[in-house]
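Peer 1: Starting off with a structure, shown below.
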Amino acid sequence: MAGRREPDVSDAVAELREETGGDIVAIQGDIRRAEDCERIVAQAAEIFGGIDILVNNDGAPQLGP
């Protein structure tokens, strides 16, 4: 799982690990930046020995006051 803010993504991963027992890692990065996208994919591929499925879900709420 990737996210812009390290504490947020780490907390979400910890919660999912506890609920599912899954093998999940937290990677800090901003998918609005091409270099972060490349690093996120490369790091995930290295950790898991490749990538079979990639879900890109940028479900951020609309910004406003």
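The values are calculated or read from the model by the stated rules, or taken from the named source; none is laboratory data. Please read these numbers as outputs of a predicted model, since none were measured by experiment. Because the Cβ atoms are built from the backbone with ideal geometry, glycine has one as well, and the counts that use them run over all protein chains shown. Remember, those area values only see protein heavy atoms, side chains included, never the ligands or the DNA or RNA. Shrake-Rupley method; radii C 1.70, N 1.55, O 1.52, S 1.80 Å.
Peer 1: I'm told residue 39 meets every condition in (1) of a type in the set (Lys, Arg); (2) more than 12 Å from the chain's Cα centre (by Cα); (3) not in a loop (DSSP other than H, G, I, E, B) except one. Can you identify the failing condition by its number?
Peer 2: Condition (2) is where residue 39 drops out.
Peer 1: Residue check: is residue 30 touching a residue at least 24 places away in the same chain (Cβ under 8 Å), charged (D, E, K, R) and exposed (fewer than 10 other Cβ atoms within 10 Å of the Cβ)?
Peer 2: no
Peer 1: So which residues in the stretch 11-36 are over 10 Å from the mean Cα position of the chain (by Cα) and part of a strand (DSSP E or B)?
Peer 2: none
Peer 1: Can you pull out the residues in the stretch 12-27 that are loosely packed, with under 13 Cβ neighbours inside 10 Å and more than 17 Å from residue 54 (Cα to Cα)?
Peer 2: 14, 15, 18, 19, 20, 21
Peer 1: Anything in the stretch 42-59 that is open to solvent by 70 Å² or more (accessible area, probe 1.4 Å), free of Cβ contacts under 8 Å to residues at least 24 places away in the same chain and not in a helix (DSSP H, G or I)? List them, or say none.
Peer 2: 49, 51, 52, 53, 54, 55, 57
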